[in-house]
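**Student:** Please read through the structure below; I'll follow up with questions.
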There are 2 protein chains.
Amino acid sequence: MIAELISIGTELTAGLAVDTNTAWLASRLAACGVETRRHVTVTDERAAIAEEVARATSAADIVIVTGGLGPTEDDLTRQAVADALGVDLERHPAVLAQVRAFFDRRALNWMESNARQAEFPAGTTPIQNDWGTAPGFRARFGRAVLFCVPGVPREMREMFEHAILPELRDLGIAGATAIRTLRCFGAGEARMGERIADLMCPGRDTTVGITADEGIISVRIIARAAAPEEAAALADRDAVEISARLGNLVFGRENDTLASAVGALLRSRGWRLATAESCTGGLLAKLFTDVPGSSDHFLCSAVTYSDQAKTDLLGVDPRLVAEHGAVSEQVGRAMAAACLARAGADAALATTGIAGPGGGSAEKPVGLVYIGLATAAGCEVRQFQFGAHLSRASIRQRTCLTALNMLRTRLLG
Amino acid sequence: MIAELISIGTELTAGLAVDTNTAWLASRLAACGVETRRHVTVTDERAAIAEEVARATSAADIVIVTGGLGPTEDDLTRQAVADALGVDLERHPAVLAQVRAFFDRRALNWMESNARQAEFPAGTTPIQNDWGTAPGFRARFGRAVLFCVPGVPREMREMFEHAILPELRDLGIAGATAIRTLRCFGAGEARMGERIADLMCPGRDTTVGITADEGIISVRIIARAAAPEEAAALADRDAVEISARLGNLVFGRENDTLASAVGALLRSRGWRLATAESCTGGLLAKLFTDVPGSSDHFLCSAVTYSDQAKTDLLGVDPRLVAEHGAVSEQVGRAMAAACLARAGADAALATTGIAGPGGGSAEKPVGLVYIGLATAAGCEVRQFQFGAHLSRASIRQRTCLTALNMLRTRLLG
């Protein structure tokens, strides 16, 4: 079963709002074994909407239209679908009574334009909306079942769960989908891709894809089968195979972040962490504390942005800074060691570098970063050159991911 | 001039990721006077991509395709566009050398599959990518100019600004549009909207709109005219009028953040700031240090996530924490005062609260936050209830924005 989604609204095509409805619908449909092949977003224009509805209903089994069902002049979905079907609009007195009752229950001000919301293309069936003022409707059209629901995310979601999903079940849309995502760090997309190239070829019983975002590589496995257990088994089979091939490059699954993965490793060891940050300026601590429950392993961060603060908060010898500069292997080492001792932690990470765009020199260019990792076993400092072409935000982000991965690698032994 | 956007990727059609590229592109195009009429998202399928490219290039003047330019098997945009154009792929030795040089500069591991990224449909022109490994390309196709760029948001944005936009200017498309954005904080969207409702009516010589994102309200003024100076004059006229009506609610313009605006105020006063963070866990320091040059006013942050760290790093009396709890007016005050003294700062901000989702109680629910502001004049602590319905990320974000605005208001007198 193939689905296509149509989003209506000039606020979406003009980029004034990000459309989150389609991603939500596609993932809900996938969970029911329906593959979404295509999304289209069009302006509030009657002919354009009618054209997209006609096109989608000739290509897919299920078409869901969101938006354009309100009471105002720019809400044209009802009229456009009527055009596409070649029928007129008809007012449904029973639906009109429901809409008025909704207004009365909430003491909302009734406007005559709201009566439009009880008009539907002839031959279609209204879908009740208990969560807002705009009812939806459904119709058989071409090879497809067409559902039109409001674009308000909460109303759309409730109507999907309570009206569309039961109908898809009644239609006997069988099958199931299982999705697994492996989160990876430590090698480029191409290198990881070569190791699993054979699994990404068309014609297999799963779909495997790779995406990269700021150094984090995600491998996604989508499996479809007749029964949920069968789909899960196929997806799990690939997840095991890919995990074996990529080894420790895989740090987690689904919504894991590098910080949550490192946090889980710290927790399992009973270790407590502190950080000392210069160039990352609080970002490293922020990534750890983004994760609920991080207080069981994250103690503190000394964000020592000024040279003076390195001495005041951490006790770094000011002569080290004077002799080698704040961005140096020596200061990175002193920050990590002092942080470990002062916080009474089991591990300490320290960052010092030049995030740019200013402050670089021939000797110490933008992108030069030292990362220190101190434990009871000693202190390791590594130098990185992330590249002066990167933005300040990217250099800070990569510094944090690299620091997290240094600690992860250490924890994995 | 009409634009259409095509996003490539099964992760998008399957709902595994939300497409933010199209909204960004549409708003940037709108700023150049180009109207985006339609977005399409398709799976990583060669024939489907080719079909959408052919369709869009026959309907629009500008078509921008994002995604599918990586080095792996599922990156099919180059091949699909070649199919649509009826040409073969050609390897460009000069581009290959650039891509290899990018790998060498960053000491990345070269794989033979990366060479694919230097292959383009015959007759198209490569677009250099200085921010990643995948070059883009452009072509005249049907009535349209077609641009293909990577789907990685950062690379796509840089390539739009540095390659697509200059070409649109050369084509005489991006002409006399002036845009001003006023950034505001401290009142709701509806309340600000009421004060400037008459300026948002249709039929004026500018377009004024309001959007809200996590408490930051942005007022956008778009002016179109025959000549650039004329458009600029119209936009500036509205910016002056709106600034006068909204007063101190306006904290900045264009890409200013609340942290950059506060940083500028600190700089102009010669003040230096330190922060002491519990529930915000480094985010407040991160927001200040996101801004290049922040080292002239931002000294340090003591991210005292554990109770012990509040004593170790700041010297907060542990009896205060035992008696009132870490989330209390008393501890917020002690953190701010200790931070001011220890850092030798002119102002100190402290945060302590319950960011959730766990850790709340009837007495101290999720969303309860104390913010302290200490200066030589004394220490003010305010209590906020951001609401238990908000996510951990939203509560942390709002805590930081509110703290920043407390300091801004103080600095403005």
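Just so it is clear, none of the values below were taken in a lab; they were calculated from the coordinates. These figures come from a predicted structure and were not determined experimentally. Cβ placement follows ideal geometry from the backbone for every residue including glycine, while neighbour counts extend to all protein chains displayed.
**Student:** Give the percent of DSSP beta bridges with both residues in the protein assembly as shown that are antiparallel, rounded to the nearest 5.
**Tutor:** Details: 101 of 155 bridges.
Rounded to the nearest five, the antiparallel share is 65 percent.
**Student:** I would also like to ask the following. Please name which of A:ASN405, B:ILE222, A:ILE8 has its Cα lying farthest along the dipole of the protein assembly as shown towards the positive end, using unit charges on Cβ (Lys, Arg +1; Asp, Glu -1) and the Cα centre as origin.
**Tutor:** Among A:ASN405, B:ILE222, A:ILE8, the one farthest towards the positive end of the dipole of the protein assembly as shown is A:ASN405.
**Student:** Please report the projected area of region A:79-237's Cα convex hull averaged over all directions, in nm².
**Tutor:** That works out to 14.0 nm².
**Student:** Sorted by packing (mean other beta-carbon atoms within 10 Å per residue), highest first, where do A:355-361, A:298-304, A:196-202 land? Provide the component values of the computation, followed by the final result.
**Tutor:** On the way: A:355-361: 17.1, A:298-304: 31.3, A:196-202: 14.7.
Top of the packing list down: A:298-304, A:355-361, A:196-202.
**Student:** Provide a whole-number value for the mean count of partner chain Cβ atoms within 10 Å of the Cβ atoms in peptide B:107-119. Each step should come with its number before you reach the end.
**Tutor:** On the way: counts 3, 4, 4, 3, 7, 2, 6, 6, 1, 1, 1, 0, 0.
Taking the mean over all residues of the peptide, I get 3.
**Student:** Let me ask you something else. For chain A, taking Cα atoms only, what is the radius of gyration to one decimal and the Dmax to the nearest whole Å?
**Tutor:** Gyration radius and largest Cα-Cα distance of chain A: 28.0, 85 Å.
**Student:** Can you list, shortest first in nanometers, how far B:ALA115 lies from the same residue in the other copies, with each label 7 Å from Cα toward Cβ?
**Tutor:** Distances between equivalent label points, in nm: 7.3.
**Student:** Moving on. For region B:62-74, in order, what is each residue's ³J(HN,Hα) by Karplus, 6.51 cos²θ - 1.76 cosθ + 1.60 with θ = phi - 60°, in whole Hz (x at glycine and Pro)?
**Tutor:** Each residue's phi maps through the Karplus curve to give 10, 10, 10, 9, 10, x, x, 10, x, x, 9, 4, 8 Hz.
**Student:** Determine the dipole magnitude for the protein assembly as shown: charges of +1 sit on the beta-carbon of Lys and Arg, -1 on that of Asp and Glu, nothing else is charged, the reference point is the Cα centre, and the result goes in debye to the nearest 20.
**Tutor:** Numbers: 84 positive and 96 negative charges, 384 e Å.
Roughly 1840 debye, rounded to the nearest 20.
**Student:** If you don't mind, another one. Simple spin-label model, 7 Å along Cα-to-Cβ: B:GLN383 to A:ASP213 in nm?
**Tutor:** Modelled inter-label distance: 3.9 nm.
**Student:** Between A:GLU90 and B:ASP88, what is the FRET efficiency for a Förster distance of 60 Å, r being their Cβ-Cβ separation, to the nearest 0.05? List each step's numbers first, then the result.
**Tutor:** Details: r = 55 Å, r/R0 = 0.91.
That pair, A:GLU90 with B:ASP88, gives E of 0.65.
**Student:** Mind jotting down the distance between the C-alpha centroids of region A:158-222 and region B:275-298, whole Å?
**Tutor:** If you average the Cα positions of each part, the centres end up 37 Å apart.
**Student:** Let me ask you something else. What are the distances, in nm and sorted shortest first, from the label point of A:ARG169 to the label points of the same position in each other copy, with each label point placed 7 Å from Cα along the Cα-to-Cβ direction?
**Tutor:** 5.8
**Student:** What does the extension gain come out to for A:LEU412 and A:SER113, with contour length at 0.36 nm per residue minus their alpha carbon separation?
**Tutor:** Details: separation 299, 0.36 × 299 = 107.64 nm, distance 6.45 nm.
The A:LEU412-A:SER113 span can extend by a further 101.2 nm.
**Student:** Average the reciprocal distances over every distinct pair of alpha-carbons in region B:179-267, invert the result, and give the Kirkwood radius in Å. Kindly include the intermediate steps, with their values, before the conclusion.
**Tutor:** Values: mean 1/r = 0.0744 Å⁻¹.
About 13.4 Å, per the Kirkwood formula over Cα pairs.
**Student:** Between A:THR311 and A:THR20, 0.36 nm times their residue separation minus their Cα-Cα distance comes to what? Walk me through the numbers on the way to the answer.
**Tutor:** Details: separation 291, 0.36 × 291 = 104.76 nm, distance 4.74 nm.
Between A:THR311 and A:THR20, full extension yields 100.0 nm more.
**Student:** Turning to a different aspect of this structure: How far apart, in nm, are the 7 Å Cα→Cβ label points at B:ALA362 and A:ARG245?
**Tutor:** 5.7 nm
**Student:** Related question: In nm, to one decimal, how far is the modelled label at A:SER268 from the one at B:TRP271, with both set 7 Å along Cα→Cβ?
**Tutor:** Between A:SER268 and B:TRP271, the label points sit 4.8 nm apart.
**Student:** Using only atoms on other chains, find how many Cβ atoms lie within 10 Å of each Cβ of peptide B:225-231 and report the average. Can you show the working numbers first?
**Tutor:** Details: counts 0, 0, 0, 0, 0, 0, 0.
Taking all residues of B:225-231 together, the mean is 0.
**Student:** Same structure again: How big is the Rg/Rh ratio for the protein assembly as shown, C-alpha atoms only, Rh by Kirkwood, two decimals?
**Tutor:** Values: Rg = 28.0 Å, Rh = 28.9 Å.
So for the protein assembly as shown, dividing Rg by the Kirkwood Rh gives 0.97.
**Student:** Sticking with this structure for a sec: Nearest 20 debye, what's the magnitude of the dipole of chain B about its Cα centre given +1 on Lys and Arg Cβ and -1 on Asp and Glu Cβ?
**Tutor:** 1160 debye
**Student:** Cα gyration tensor of region B:1-89, axes a ≥ b ≥ c as square roots of the eigenvalues: rounded (a/c below 1.5), prolate (a/b > b/c) or oblate? Can you show the working numbers first?
**Tutor:** Working: a/c = 2.14, a/b = 1.27, b/c = 1.68.
Judged from the Cα gyration tensor, region B:1-89 comes out oblate (a/c at least 1.5, b/c at or above a/b).
**Student:** If you don't mind, another one. Say R0 is 30 Å: what FRET efficiency, to the nearest 0.05, do A:ALA197 and B:ALA393 get from their beta-carbon distance? Before the final figure, lay out each step's value.
**Tutor:** Working: r = 36 Å, r/R0 = 1.21.
The computed FRET efficiency comes out at 0.25.
**Student:** Tell me the net charge near B:GLN117. Cut-off is 9 Å between Cβ atoms, B:GLN117 excluded, with +1 for each Lys or Arg and -1 for each Asp or Glu. Could you put the intermediate results ahead of the total?
**Tutor:** Values: positive: B:ARG78, B:ARG116; negative: B:ASP75, B:GLU119.
Taking every Cβ under 9 Å from that of B:GLN117, the sum is 0.
**Student:** Is there a simple number for the mean count of other chain Cβ atoms within 10 Å of the Cβ of residues in A:275-282, and what is it?
**Tutor:** On the way: counts 2, 0, 7, 3, 1, 4, 13, 17.
The mean count of partner-chain Cβ atoms within 10 Å per residue comes to 6.
**Student:** I would also like to ask the following. What is the count of Lys pairs in the protein assembly as shown whose alpha carbons sit under 25 Å apart, if the two are 8 or more places apart or on different chains?
**Tutor:** Lysine pairs meeting the criterion: 10.
**Student:** Taking a label point 7 Å from Cα toward Cβ, how far is A:PRO357 from its twins in the other copies, in nm, shortest first?
**Tutor:** 4.0
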